[in-house]
1. Would you be able to say whether some residue in the stretch 65-77 is over 26 Å from PHE197 (Cα atoms), assigned by TED's automatic domain parsing to the domain that holds LYS175, crowded, with 18+ Cβ neighbours inside 10 Å and touching a Ser or Thr at 6+ places or on another chain (Cβ under 8 Å)?
2. What are the residues in the stretch 206-219 that are buried (at least 17 other Cβ atoms within 10 Å of the Cβ) and either basic (Lys, Arg) or modelled with pLDDT of 95 or more (or both), if any?
3. So which residues in the stretch 96-133 are part of a loop (DSSP other than H, G, I, E, B), at pLDDT 95 or above and loosely packed, with under 14 Cβ neighbours inside 10 Å?
4. Among the residues of the stretch 66-77, is any modelled with pLDDT of 95 or more, assigned to a helix (DSSP H, G or I) and among the hydroxyl-bearing types (Ser, Thr, Tyr)?
5. What number goes with the only condition from (1) at pLDDT 95 or above; (2) surrounded by fewer than 21 Cβ atoms within 10 Å (Cβ to Cβ); (3) of a type in the set (A, V, I, L, M); (4) over 18 Å from ILE45 (Cβ atoms) that ALA176 does not pass?
6. For the stretch 81-97, name all the residues that are β-branched (Val, Ile, Thr) and either on the phi > 0 side of the Ramachandran plot or in contact with a helix residue (DSSP H, G or I) (Cβ under 7 Å, 6 or more places away or on another chain) (or both).
7. Out of (1) outside the structural domain of GLY145 (by TED's automatic domain parsing); (2) over 21 Å from VAL144 (Cβ atoms); (3) small (Gly, Ala, Ser), the odd one out for ALA40 is which?
8. Return yes or no: is ASN51 surrounded by fewer than 21 Cβ atoms within 10 Å (Cβ to Cβ) and not assigned by TED's automatic domain parsing to the domain that holds ASP13?
Amino acid sequence: MVAFLNKEPWFPDPRTYNRYLKDGLIAVGGDLSVRRLELAYRMGIFPWTDNPLTWWCPEQRAIFDLDQIHIGRSLSRTLRKNNFTVTFDQAFDRVIQACSQVPRPGGWLTSHFVRAYQQLHQNNMAHSVECWLGNDLVGGVYGVGVGSAFAGESMFYQVANASKVALTHLLWGLKASGYHLVDIQMVTPVTSSMGAFYIKRDDYLDRLEEALRRTCTFPTSHSSYRRDGRSNS
């Protein structure tokens, strides 16, 4: 049974509701208001499709362990070359617009989603990391922070390795800022190569509960980070 939402910001408990449905569909309907989105992320739930609006907490969840980020040889060479400039929260609207133009199954990042996450950004909940080549924005990633948890939502690139560089700096910055949990929903070839892995839903919800016990500040300016996540600046 799937919950049908109305205007009241509410979700069923993902630990017990539809726990036997492996796809993880929790609810349908509602809206993408700031209040509802914040509640969703605090409960380990995320929106996926727009028409109808659906909400999910899958049986398995992809995460990064910030103590076990893997930087391969090719990416290490790119980082050492230092051809890119990386910034934090300097072009959120441009990053999410670029992400929305990347072809994806179902085209989930609609204009409705874009406007909703722009509102989250204005409320200091959604953040971006930008990768620049000269004055050109060539890659980036954005996501949502609650407590000391960060949910990576989407990334894009227009130049080879630009999104990987942005993601690497995001992970280093999150570790340096004291974040405890990085949720990426699903493992992709890129994130798998950097150490992402799946955990069970209850394990994820336990980690999220722990991460919500403290609040972290998202990095607001570019710094250089060593592999251990400590700032060199």
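The values are calculated or read from the model by the stated rules, or taken from the named source; none is laboratory data. In this text the structure is predicted, and so the values were computed from the model without any measurement. Reconstructed Cβ throughout: ideal geometry from the backbone, glycine too, with neighbour counts over all protein chains shown.
1. No - not one qualifying residue is present in the stretch 65-77.
2. Across the stretch 206-219, the qualifying residues are ARG207, LEU208, ALA211, LEU212, CYS216, PHE218.
3. Selection gives ASN123, ASN124.
4. The answer is no, given that none of the residues of the stretch 66-77 is modelled with pLDDT of 95 or more, assigned to a helix (DSSP H, G or I) and among the hydroxyl-bearing types (Ser, Thr, Tyr).
5. It fails just one condition, (1).
6. Once the filter is applied, which keeps residues that are β-branched (Val, Ile, Thr) and either on the phi > 0 side of the Ramachandran plot or in contact with a helix residue (DSSP H, G or I) (Cβ under 7 Å, 6 or more places away or on another chain) (or both), the stretch 81-97 yields VAL86, ILE96.
7. Evaluating ALA40 over (1) outside the structural domain of GLY145 (by TED's automatic domain parsing); (2) over 21 Å from VAL144 (Cβ atoms); (3) small (Gly, Ala, Ser) leaves (2) as the failure.
8. Taking the combined requirement at face value, the residue does not satisfy it.
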